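Novice: Next up is a structure, given as structure tokens.
The values are calculated or read from the model by the stated rules, or taken from the named source; none is laboratory data. This is a predicted model, so every value here is computed, not measured. Virtual Cβ from ideal backbone geometry, glycine too; neighbours counted across all protein chains shown. Ligands, DNA and RNA are stripped out before the accessible areas are found, and what is left, the full protein with its side chains, is counted by its heavy atoms. Shrake-Rupley method; radii C 1.70, N 1.55, O 1.52, S 1.80 Å.
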Amino acid sequence: MVDDVRELGLPPDVVKLLVDVWGITRLHPPQAEAVPIALSGQNLLLAIPTASGKSLVAYLAILQRLLVDQPGSRAFYLVPLKALAAEKVEELREAGDALGLSIGMAIGDRSGESVSLDEADIIVATSEKFDSLMRNRNDFLNQVSIVVADEIHLIHDRSRGPTMEVNLARVKHERPEAQILALSATVGNAEEMADWLDAKSVQSDWRPVTLRYGTVCDGLVQPRLQVGPDQENLDLPPPFELPDEGDDLRSALLSTIEDSGQILIFRGTRRYAEGSATKLGAWMCKRMQSWLKSPEDAPNGLDVEARLAALSEVARGIEGSEESTMMGERLADALRGGVAFHHAGLTASQRRIIETAFKERILFAICATPTLAAGVNLPARRVIVRDLTRWEDGLSRPLPRMEVHQMLGRAGRPRYDNVGDAWLIARHLEHADDIAELYFEQDPEAVESKLAAEPAMRVHVLAAIATGGQRDRDALGRFFQQTFLGHGVENDWLQSRIDEIIAWLATHQFIERTGEDVAVLERLAETQPTELDEEWDDDMPMWAQSAQSIEGVEISDYVEPKPRPKRPAVIGFQKAVDLANPPPEEVTPDPPAMTYAATAFGERVSRLYLDPLSGLILREGLRQARKILCRVIEDRSISPWALLHLVTCTPDFPPLWPTGKQMQMMTQKVDAMSDQILLDGHELNTLGYMPEAESLAKSAWTLSQWIEENSLREIENELGVAPGDLRVRVDHADWLMNATRQICANDDEIDSSLRNADVDLLEMLDVMRKRVSNGCREDLLSLISIRGVGRVRARILANHGYRTPLEICGITKKSAQKLADERGWSPQLVQNIMQAADRAIQTRSRRPTDS
């Protein structure tokens with residue numbers, strides 16, 4: 001294998017980038033095996049460990065495709081999470097600047113989340129945004145010559161997997177000449193996935209930094225397995241004892257600091273992650289204070305005074321946000337000891353501060369939930385997985401090997417470490433042997449498709465008809481055969497599943513059957529296999545004729561038993577509602593030439609990226625709202641709560657579950673607000689959805705407090721909703737409120753007598769979306785339009801008597817000084833707000849002319 005980058009036949013400018021800018025002259029062994037395949041234009045599945053260079057292989061394939069094979073074409077680099085997209089964009093821009101290629105990003109609909117899409121040669125996108133772009137731009141795939149799918153094992157994920165799978169199926173189906181590169185560190189069935197993608201498979205355990213897997217029990221570290229660049233000559237070190245600090249995590253942390261390293265500690269829940277970080281941070285803070293008094297006891301190379309100052313600066317960054325929270329205060333306290341916790345309950349800015357401090361080697365440790373392993377590239381000298389079980393379906397279950405390998409693979413930092421340690425905490429020595437066998441000696445689980453789940457099938461069958469060009473039954477079936485699900489299950493089962501979804505979509509007016517098409521019939525006739533006449537020796541052999549003459553012996557035709565069909569895994573128990581409802585009527589399949597057309601409603605729901613069931617719920621809720629406004633329904637009223645409750649009723653809204661202590665409070669809220677909901681539990685059940693009423697109450701109550709300007713601290717204290725969780729729900733509510741408004745404005749099936757309600761209803765929805773987006777009461781909406789003014793500053797301005805940008809522009813020097821005296825304000829801030837208000841007025845005055 002050729003490992004010298006100067007001998008790969010790459011363009012000279014690419015070689016110069018590799019050698020002079022990135023400092024790469026030779027490829028790692030798995031890279032040397034994979035790069036020739038990637039440069040040849042063949043599809044490739046690359047399954048090699050973290051930090052072994054998967055991204056470089058993908059980058060070289062992209063550059064070869066765009067600069068040599070198909071100049072003028074476009075590349076997509078698909079990532080599972082927004083946080084990873086920014087990282088890839090930064091790396092690719094370095095290459096783009098050197099080679100004259102532009103880099104775009106598509107990760108969401110907010111400002112700054114979709115950049116330079118039309119002009120970009122390479123676009124980094126999340127799977128969901130890539131799917132959305134394909135739905136809303138008919139010719140979007142025309143220029144695409146290569147697609148890279150990072151973290152391909154996430155096809156196994158119930159929420160994100162189906163979209164990634166359908167994306168690749170659509171590329172295979174519509175752009176078969178486009179090259180596909182699938183990357184992962186943990187795939188248990190790489191050959192099966194490569195076969196699905198018609199790809200070459202390159203698999204390796206090689207790592208640039210030696211990784212030692214081990215178990216820890218009462219301070220005893222037992223190395224179990226070693227993987228590294230010189231595998232044959234690696235000797236497994238003997239067991240050894242950690243410094244005795246009375247706790248395995250404290251001992252491991254101190255040992256890591258003494259080795260001038262950093263550590264990631266994975267805990268099973270947020271509460272455990274916060275608890276460990278808080279205790280370790282307080283302990284380390286005391287320890288560093290003692291080192292200040294006795295410098296001779298401090299680890300070699302650690303400037304304790306400088307480190308404490310740097311940690312204090314990081315903590316102040318957390319405390320300096322506009323709205324303080326209890327979680328932020330706990331985090332700041334832990335940071336002063338060099339330890340952070342990291343989970344989805346933190347805000348995006350808090351997570352960025354933590355990740356930056358860790359990358360800059362200011363922090364000693366991060367205690368995280370397993371989501372960190374999939375979300376951010378944060379390698380560490382040492383990784384510990386403390387909790388190896390998770391409560392699921394009423395049982396405590398072992399973590400999947402795939403997930404544990406993802407976490408442990410973060411150990412060992414290229415350029416910093418010669419060795420990385422990946423440790424599991426054991427309860428006792430026998431348990432240590434058991435977990436070592438399970439997680440170190442067995443391969444990760446096979447990746448399985450999650451597309452068969454009803455929500456995913458609803459979404460993607462509708463999308464295939466509405467925006468994917470699959471408008472007849474035969475074409476639809478052949479498209480889904482291109483998916484990983486179709487690759488692995490019996491075709492009869494797959495087609496019956498599609499028939500069920502088609503029937504549901506047609507029943508609820510998302511699609512219409514438009515009859516059998518002659519052109520489709522002709523196409524089918526051309527593709528029908530021709531049966532060949534074959535000669536068979538059907539004469540019964542002599543021995544059988546003799547046997548047949550014996551009394552009691554009978555010759556019958558042999559019927560080959562049917563193999564047991566492969567079906568998607570079903571996890572957990574049936575819901576009570578499934579047991580109570582009778583099984584659905586058997587669906588009569590449509591003929592292969594049957595054609596379909598999306599209704600205006602169906603196409604709109606698909607382009608809005610909604611689960612069709614969410615679209616159905618929103619449509620029916622809006623029809624109820626019209627009846628309430630027209631006094632057809634007199635025992636209910638429309639309020640902000642009613643509209644918030646409606647969007648939380650959809651399966652697209654991530655629910656908030658009440659704790660045991662909150663359940664009584666939520667039950668009381670359900671009763672109190674029963675006349676201010678658009679769809680009750682019975683009506684939702686009739687539509688095929690049955691959420692918990694108490695969960696809906698908590699979700700709507702949380703959003704209600706947000707738009708009533710309750711502080712983040714108040715929401716956290718009263719409802720137990722962390723700032724990061726609130727942000728996720730606000731973003732979803734904003735999206736769903738916009739979808740609700742669009743469905744309302746384009747519902748042509750309503751009774752004309754109810755149409756008069758639309759003016760009021762649309763105005764309510766417009767106001768509610770602005771309030772949800774900004775978290776404020778209606779009287780602040782004018783001030784919120786000023787750049788740099790959020791809900792906190794807007795309320796301060798309102799309290800000083802200013803309600804509009806025009807009034808802000810008229811602030812006197814004396815009044816400006818009063819504002820500047822507010823906590824966190826300054827004369828410069830007041831001046832900036834006045835200038836921004838003036839720009840807002842000018843922009844608004846120009847709009848009619850521009851239009």
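Novice: Can you name the residue in the range 189-198 that is surrounded by fewer than 21 Cβ atoms within 10 Å (Cβ to Cβ) and touching a residue at least 60 places away in the same chain (Cβ under 8 Å) and is also nearest to V147 (Cα to Cα) among such residues?
Specialist: Looking at the filtered set, the residue picked out is D198.
Novice: Out of Y59, Y77, report the one residue that is in contact (Cβ under 8 Å) with a residue 40 or more places away in the chain, out of contact with any Phe, Trp or Tyr (no Cβ under 8 Å at 6 or more places or on another chain), closer than 23 Å to A125 by Cβ and buried (at least 22 other Cβ atoms within 10 Å of the Cβ).
Specialist: Testing whether each residue is in contact (Cβ under 8 Å) with a residue 40 or more places away in the chain, out of contact with any Phe, Trp or Tyr (no Cβ under 8 Å at 6 or more places or on another chain), closer than 23 Å to A125 by Cβ and buried (at least 22 other Cβ atoms within 10 Å of the Cβ) leaves just Y77.
Novice: Something else about it: Quick one: which helices (runs of 4 or more DSSP H) sit completely within the range 610-703 and have at least 3 residues that are among the basic types (K, R)?
Specialist: In the range 610-703, 612-629 are the helices (runs of 4 or more DSSP H) which contain 3 or more residues that are among the basic types (K, R).
Novice: Here's something else I'd like to know. All but one of (1) open to solvent by less than 20 Å² (accessible area, probe 1.4 Å); (2) in contact (Cβ under 8 Å) with a residue 40 or more places away in the chain; (3) outside any helix (DSSP H, G or I) hold for M457; state the number of the condition that does not hold.
Specialist: (3)
Novice: Filter the range 741-768 down to the residues that are in a helix (DSSP H, G or I) and open to solvent by 90 Å² or more (accessible area, probe 1.4 Å), then identify the one that is farthest from H645 (Cα to Cα).
Specialist: The qualifying residue farthest from H645 (Cα to Cα) is S752.
Novice: Right, here's the next one. Only one of (1) of a type in the set (S, T, N, Q); (2) closer than 30 Å to P208 by Cα; (3) open to solvent by less than 60 Å² (accessible area, probe 1.4 Å) is not met by T325, so which one is it?
Specialist: Result: T325 fails condition (2) only.
Novice: Could you list all residues from the range 328-341 that are outside any loop (DSSP other than H, G, I, E, B) and either open to solvent by 10 Å² or more (accessible area, probe 1.4 Å) or of a type in the set (G, A, S) (or both)? Break it down stepwise before answering.
Specialist: Kept after step one, since they are outside any loop (DSSP other than H, G, I, E, B), are these residues of the range 328-341: 328-335, 339-341.
Hits for the range 328-341 are G328, E329, R330, A332, D333, A334, A340.
Novice: For the range 356-364, state whether one or more residues are among the hydroxyl-bearing types (S, T, Y) and over 24 Å from D150 (Cβ atoms).
Specialist: No, the conditions are met nowhere in the range 356-364.
Novice: Same structure, new question: For the range 770-790, which positions are in contact (Cβ under 8 Å) with a residue 12 or more places away in the chain and surrounded by fewer than 21 Cβ atoms within 10 Å (Cβ to Cβ)?
Specialist: K770, S773, R777, D779, L781, S782, I784, S785, R787, G788, G790
Novice: Another question, then. Against the definition (surrounded by fewer than 24 Cβ atoms within 10 Å (Cβ to Cβ) and either assigned to a helix (DSSP H, G or I) or in contact with a strand residue (DSSP E or B) (Cβ under 9 Å, 6 or more places away or on another chain) (or both)), how does E165 come out, yes or no?
Specialist: no
Novice: Ok, one more. Check whether at least one residue in the range 81-103 is open to solvent by less than 40 Å² (accessible area, probe 1.4 Å), in contact with a Phe, Trp or Tyr (Cβ under 7 Å, 6 or more places away or on another chain) and over 28 Å from V14 (Cβ atoms), and report yes or no.
Specialist: No, the conditions are met nowhere in the range 81-103.
Novice: Something else about it: Could you look through the range 308-322, keep only residues that are assigned to a helix (DSSP H, G or I) and touching a residue at least 40 places away in the same chain (Cβ under 8 Å), and pick out the one that is most open to solvent (accessible area, probe 1.4 Å)?
Specialist: Here the residue is A310.
Novice: When residues of the range 92-112 are filtered for being of a type outside the set (A, V, I, L, M), closer than 19 Å to A149 by Cα and at pLDDT below 90, how many remain?
Specialist: Adding up the residues that qualify gives 1.
Novice: Looking only at the range 237-256, filter to residues that are assigned to a helix (DSSP H, G or I) and open to solvent by 10 Å² or more (accessible area, probe 1.4 Å); which one of those is farthest from A365 (Cα to Cα)?
Specialist: Here the residue is D248.
Novice: When you look at N710, is it on the phi < 0 side of the Ramachandran plot, free of Cβ contacts under 8 Å to residues at least 60 places away in the same chain, out of contact with any helix residue (DSSP H, G or I) (no Cβ under 7 Å at 6 or more places or on another chain) and surrounded by 15 or more Cβ atoms within 10 Å (Cβ to Cβ), yes or no? Steps first, please.
Specialist: On the way: on the phi < 0 side of the Ramachandran plot: yes; free of Cβ contacts under 8 Å to residues at least 60 places away in the same chain: yes; out of contact with any helix residue (DSSP H, G or I) (no Cβ under 7 Å at 6 or more places or on another chain): yes; surrounded by 15 or more Cβ atoms within 10 Å (Cβ to Cβ): yes.
So N710 passes the test.
Novice: Just to check your reading of the model, which residue among Q406, Q442 is part of a helix (DSSP H, G or I), among the polar types (S, T, N, Q) and under 28 Å from the mean Cα position of the chain (by Cα)? If you could, list the steps in order and put the result at the bottom.
Specialist: Numbers: Q442 fails: part of a helix (DSSP H, G or I).
On inspection, the qualifying residue turns out to be Q406.
Novice: Out of the residues in the range 174-186 that are touching a Gly at 6+ places or on another chain (Cβ under 9 Å) and crowded, with 19+ Cβ neighbours inside 10 Å, state the one that is modelled with the lowest pLDDT.
Specialist: Ranking the qualifying residues of the range 174-186, first place goes to T186.
Novice: Next up: Is there a residue in the range 208-229 that is crowded, with 21+ Cβ neighbours inside 10 Å, touching a Gly at 6+ places or on another chain (Cβ under 6 Å) and part of a loop (DSSP other than H, G, I, E, B)?
Specialist: yes
Novice: Separate question: Tell me which residues, restricted to the range 427-448, are open to solvent by less than 20 Å² (accessible area, probe 1.4 Å) and touching a helix residue (DSSP H, G or I) at 6+ places or on another chain (Cβ under 6 Å).
Specialist: Answer for the range 427-448, where residues must be open to solvent by less than 20 Å² (accessible area, probe 1.4 Å) and touching a helix residue (DSSP H, G or I) at 6+ places or on another chain (Cβ under 6 Å): Y439, V447.
Novice: Another question about this same structure. For the range 634-657, which residues satisfy the criterion of being surrounded by 15 or more Cβ atoms within 10 Å (Cβ to Cβ) and farther than 26 Å from C776 by Cβ?
Specialist: Scanning the range 634-657 gives R636, P651.
Novice: Tally time: how many residues in the range 268-303 are buried (at least 16 other Cβ atoms within 10 Å of the Cβ), closer than 30 Å to A344 by Cα and at pLDDT below 95?
Specialist: Qualifying residue count, the range 268-303: 2.
Novice: Within the range 370-409, can you find the residues that are buried (at least 21 other Cβ atoms within 10 Å of the Cβ), at pLDDT 85 or above and under 24 Å from A282 (Cβ atoms)?
Specialist: Within the range 370-409, A380, R381, R382, V383, I384, V385 qualify.
Novice: Which numbered condition trips up D838, out of (1) in contact with a helix residue (DSSP H, G or I) (Cβ under 7 Å, 6 or more places away or on another chain); (2) of a type outside the set (A, V, I, L, M); (3) in a loop (DSSP other than H, G, I, E, B)?
Specialist: Against the list (1) in contact with a helix residue (DSSP H, G or I) (Cβ under 7 Å, 6 or more places away or on another chain); (2) of a type outside the set (A, V, I, L, M); (3) in a loop (DSSP other than H, G, I, E, B), D838 comes up short only on (3).
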